[in-house]
Amino acid sequence: MNSALRNPLLFAVMAAMLAAVGFGQSWQVALTILNLCLISAVMALGLNIQWGYAGLFNVGVMGFAAVGGVATVLISKAPVVDAWAAGGWRLGISFVLLLATAAVVVLVRRWLGPGPIRSIATAVMVIGGYFLIRVFFDPATEAIEAVNSAKTGYLGGLGLPVLLSWIVGGVLAAGVAWFIGKVALGLRSDYFAIATLGISEIVIAILKNEDWLARGVKNVTGLKRPVPYELNLQSDVWFNDSAAWLGVSVIEASSIFVKLCYAVLFLAVLLFVVALSERALKSPWGRMMRAIRDNEDAAEAMGKDVKRRHLQIFIIGSAVIGIAGAMLVTLDGQFTPGTYQPLRFTFLIWIMVIIGGSGNNWGSVLGGFLVWFVWIEAEPAGLWLMDVITSGFDDDSPLRKHLLNAAPHMRLVIMGVILLLVMRFAPRGLLPEVVRR
Amino acid sequence: MIDFLDALVLITNYVLVPGIAYGSQLALGALGVTLIYGILRFANFAHGDTMAFGTMVVILITWWFQSMGVSIAPLPVALLALPIGIADTIVMTLGTDRLVYRFYRRRRSPSVIYILTSIGVMFVMNGIVRFIIGPDDQRFTDGARFLIKAREFKVATGLHEGLAIKLTQGLTVLVTLVVVIALFRFLQKSRTGKAMRAYSDNEDLALLSGVSPERVVFVAWVIAAALAAIAGTLYGLDKSFKPFTYFQLLLPIFASAIVGGIGNPLGAVVGGFIIAFSEMTITYAYKKFLRYLLPDSWAPDSLVQFLSTDYKFAISFIILVVVLLVRPTGIFRGRTS
């Protein structure tokens, strides 16, 4: 089948599956899945930019998503004035010292030639700077975390509209990507993968433990919303009338309305990113990226600065992932560093890109939708399956209980099998990359 | 003088002994990763979950033995179950190779494809383990708890600090020693071992000399699976078994293999201990240690801890990144391509 027919068909199938959930289970569930599908699609697009366009093996998606997520806290929460007063200036000093240490290290390294002396000097300066910073940093964080620690105990944010945090999330993730890219992009692909995997774990460890920043594992809850609250809608006369006119209960109508608002916002971001990505991919810049991906040496021989391009695309892709991460936290209404797990936030996104078709933006969108849908619906499906298999057993037979309890873990097996099957039998994914000459 | 001995015992108890045990476990894990890298030329992301799989089998068999009243006290029953766990893990990895990896080997796919497939295998295995034994903590240690008890040590030596060595720690070191010596003898002396080293060094030349690639790959998987099951069981005995922890062990294991020089077995062992001791020494709070050594007026008030224990993973990765930047081949020149 040609792609002009196949692509809309696959998306139609996807829409039908979501609609089936709407009719079969409930529209609440369908919309919840849809919202996360949209976010997943944006995240997959970000990874597709890195892997599909340029062949960068980034296994640190989780880290960038979390960095984007923390932006939501830093932007939308009201500042905690007492905390700033308690430890703000010392934190400022330690930040200045950090920059100063970095500057001194860079300058001294430039001044000394390569050799053992330079390595030793670098180590001494880094360790010395570290302890100097901690002289100010430790009391500062202690003071900040002591300020009403049950409720705040962190610096708070800027108190700005939450939608702004999506942009800031992208910018923050881009900044982190610049730093990581500078260090790690010189490595060959499998080392780069392992390095990014580790760095993403470090990012999560920092977010979990630096309570002064975003309360760590104590979580930040009650984030602002870009959409109305259900309770306000329910007390609104116009909304009540509309719900009555549609013949649905106000409570259900308000919940669906809120989810639809989110969906519209997410869809807008998704379409915006897709439009830009498609333009970029079809531009001379996109052709250059594919050339670099397919043959680095040849591209370099043509005068392309491979390292610079890699850094550029790593930053762009990470920014998109960061935006998606901020969107996710906004949807959840809370920032919970403990929930970031590499299987869910890194490897699942990889499966989305591979299944959708690396290098094809629409493929990543489809992959994001499909994989998230299967990931969620595998749980009820697995439960149902186990229920059918064990229906001959007693209700309190231990095997039946165990199988029913364990059914949700089947989703991991299903995902792995789908990935292996696609890699083997359709290595270019559901929507293969289209190469136009 | 007593103070000095106390300080020494303190550091032995909290850094040296756990470090040696943890280092042994990492070394065994890294040996498996490095072998697969040397022969099949890819970083096996499923190795942590292979360890979890092997340990899970051992735990189930151990429970079965325990329910029948089998006991080899003071040693843990898990040692009896270990051979069965190893056998099952070998069957499982060989099955995976037959179903998944062989196809790509015949096509001579690039290593990136292998890594992606190993991620798929990782998902499947992770799911199977969680499906069978659940995502929670499991303890399966029985038999004696300690080789040396802290209280007895204090009474015997008259020091203030006690030294405790867990039986599982002693066992870990002993088993690791036996396994590593056996493995190195095998690689150095036996025909198959030599063929494997030849294949790892130069594939084409080895093929030309009549080394059978399928056989080399077969043996590599058998050894890697056995190492994974042993490493996983020892780690589980020493600490506890939790599928997610085993997945996370992948990071320090990769770090160990790369720091030592990937593809180099000796490097994997040394790397394992380097990573383990760095984690231990950097996250240990030296307050009490310095109290013993320094005069009272100099004694520190703070914990004197370089990094909080929550940043364990950060340490292995900082070392990893520094080694990759300064000496990309690792300490013992490993493979570069």
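On the given criteria, is A:I120 in contact (Cβ under 8 Å) with a residue 24 or more places away in the chain, surrounded by 11 or more Cβ atoms within 10 Å (Cβ to Cβ) and either in contact with a His (Cβ under 9 Å, 6 or more places away or on another chain) or β-branched (V, I, T) (or both)? Spelling it out, it is not the case that A:I120 is in contact (Cβ under 8 Å) with a residue 24 or more places away in the chain, surrounded by 11 or more Cβ atoms within 10 Å (Cβ to Cβ) and either in contact with a His (Cβ under 9 Å, 6 or more places away or on another chain) or β-branched (V, I, T) (or both). Considering only residues in segment A:143-167 that are within 30 Å of the chain's Cα centre (by Cα) and assigned to a helix (DSSP H, G or I), the one that is nearest to A:A83 (Cα to Cα) turns out to be A:I144.
Out of A:M327, A:M410, which single residue is modelled with pLDDT under 95, touching a Phe, Trp or Tyr at 6+ places or on another chain (Cβ under 7 Å) and either within 19 Å of A:N48 (Cα to Cα) or crowded, with 21+ Cβ neighbours inside 10 Å (or both)?
Working: A:M327 fails: modelled with pLDDT under 95.
The conditions single out A:M410.
Listed residues A:V227, A:V183, A:V203; which is β-branched (V, I, T), more than 20 Å from the chain's Cα centre (by Cα) and under 30 Å from A:A54 (Cα atoms)?
Details: A:V227 fails: under 30 Å from A:A54 (Cα atoms); A:V203 fails: more than 20 Å from the chain's Cα centre (by Cα).
After ruling out the rest, the residue left standing is A:V183.
This table checks each residue for (1) in contact with a Leu (Cβ under 6 Å, 6 or more places away or on another chain); (2) in contact (Cβ under 8 Å) with a residue 12 or more places away in the chain; (3) more than 14 Å from every other protein chain (Cβ to nearest Cβ); (4) surrounded by 14 or more Cβ atoms within 10 Å (Cβ to Cβ).
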position: A:D387; (1), (2), (3), (4): no, yes, yes, no
position: A:P398; (1), (2), (3), (4): no, no, no, no
position: A:K401; (1), (2), (3), (4): no, no, no, yes
position: A:L404; (1), (2), (3), (4): no, yes, no, yes
position: A:I414; (1), (2), (3), (4): no, yes, no, yes
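Which count do you get for residues in segment B:301-317 that are facing another protein chain (nearest Cβ under 9 Å) and either surrounded by fewer than 18 Cβ atoms within 10 Å (Cβ to Cβ) or polar (S, T, N, Q) (or both)?
So the answer is 5.
Screening A:S358, A:S364 for residues that are part of a helix (DSSP H, G or I) and more than 9 Å from chain B (Cβ to nearest Cβ) leaves exactly one candidate, A:S364.
Filter segment A:57-90 for residues that are in a loop (DSSP other than H, G, I, E, B) and either touching a Ser or Thr at 6+ places or on another chain (Cβ under 8 Å) or surrounded by 24 or more Cβ atoms within 10 Å (Cβ to Cβ) (or both) and give the result. Show your work before the answer.
Keep residues of segment A:57-90 that are in a loop (DSSP other than H, G, I, E, B), which gives A:57-60, A:77-78, A:80.
Scanning segment A:57-90 gives A:F57, A:N58, A:V59, A:G60, A:K77, A:V80.
The condition of being in contact with a strand residue (DSSP E or B) (Cβ under 9 Å, 6 or more places away or on another chain) and surrounded by fewer than 19 Cβ atoms within 10 Å (Cβ to Cβ) holds for only one of A:L158, A:L132, that being A:L158.
Residues of segment A:228-241 that are in a loop (DSSP other than H, G, I, E, B) and surrounded by 14 or more Cβ atoms within 10 Å (Cβ to Cβ): A:P228, A:D236.
With respect to B:V33, is the statement that it is more than 16 Å from B:F241 (Cβ to Cβ), surrounded by fewer than 17 Cβ atoms within 10 Å (Cβ to Cβ) and under 21 Å from the mean Cα position of the chain (by Cα) true? Considered against the rule, which asks whether it is more than 16 Å from B:F241 (Cβ to Cβ), surrounded by fewer than 17 Cβ atoms within 10 Å (Cβ to Cβ) and under 21 Å from the mean Cα position of the chain (by Cα), B:V33 comes out as no. Just one of the listed residues (B:V216, B:V155) is in a helix (DSSP H, G or I), surrounded by fewer than 17 Cβ atoms within 10 Å (Cβ to Cβ) and among the β-branched types (V, I, T), namely B:V155.
When A:T32 is tested against the conditions (1) free of Cβ contacts under 8 Å to residues at least 60 places away in the same chain; (2) under 18 Å from A:W375 (Cβ atoms); (3) among the hydroxyl-bearing types (S, T, Y), the lone failure is (1). If B:L234 meets every condition in (1) in a helix (DSSP H, G or I); (2) crowded, with 17+ Cβ neighbours inside 10 Å; (3) aliphatic (A, V, I, L, M); (4) within 14 Å of another protein chain (Cβ to nearest Cβ) apart from one, which number is that one? All conditions pass for B:L234, except number (4). Residues in segment B:318-337 that are assigned to a helix (DSSP H, G or I), more than 9 Å from chain A (Cβ to nearest Cβ) and in contact (Cβ under 8 Å) with a residue 24 or more places away in the chain: B:I319, B:V323. Exactly one residue among A:N35, A:N7 is at pLDDT 95 or above and among the polar types (S, T, N, Q), and that residue is A:N35. Taking segment A:174-224 as the range and being within 11 Å of chain B (Cβ to nearest Cβ), touching a residue at least 12 places away in the same chain (Cβ under 8 Å) and assigned to a loop (DSSP other than H, G, I, E, B) as the test, the residues that pass are A:G186, A:E210.
Look at segment A:325-343: where a residue is under 19 Å from A:W212 (Cα atoms) and within 14 Å of another protein chain (Cβ to nearest Cβ) and a partner is surrounded by fewer than 24 Cβ atoms within 10 Å (Cβ to Cβ) and small (G, A, S), sitting 6+ places away or on another chain with Cβ atoms under 7 Å, you get A:P337/A:G216.
May I ask you to verify whether B:S111 is touching a residue at least 40 places away in the same chain (Cβ under 8 Å), of a type outside the set (V, I, T), closer than 26 Å to B:A276 by Cα and within 14 Å of chain A (Cβ to nearest Cβ)? No, not satisfied.
Please note which helices (runs of 4 or more DSSP H) are completely contained in segment A:242-313 and include at least 2 residues that are within 30 Å of A:L231 (Cα to Cα), among the hydrophobic types (A, V, I, L, M, F, W, C) and out of contact with any helix residue (DSSP H, G or I) (no Cβ under 8 Å at 6 or more places or on another chain).
Working: elements: A:250-282, A:284-294, A:296-301.
Counting at least 2 such residues, we get A:250-282.
Taken together, the criteria exclude B:A81 from residues that are in contact (Cβ under 8 Å) with a residue 12 or more places away in the chain, within 14 Å of chain A (Cβ to nearest Cβ) and surrounded by 15 or more Cβ atoms within 10 Å (Cβ to Cβ).
Criterion first (on the phi < 0 side of the Ramachandran plot, of a type in the set (A, V, I, L, M) and at pLDDT 95 or above) does B:A220 satisfy it?
Working: on the phi < 0 side of the Ramachandran plot: yes; of a type in the set (A, V, I, L, M): yes; at pLDDT 95 or above: yes.
Answer is yes for this residue.
The values are calculated or read from the model by the stated rules, or taken from the named source; none is laboratory data. Quantities reported herein were computed from a predicted structural model and do not represent experimental measurements. Neighbour counts run over all protein chains shown; Cβ positions are idealised from the backbone, glycine included.
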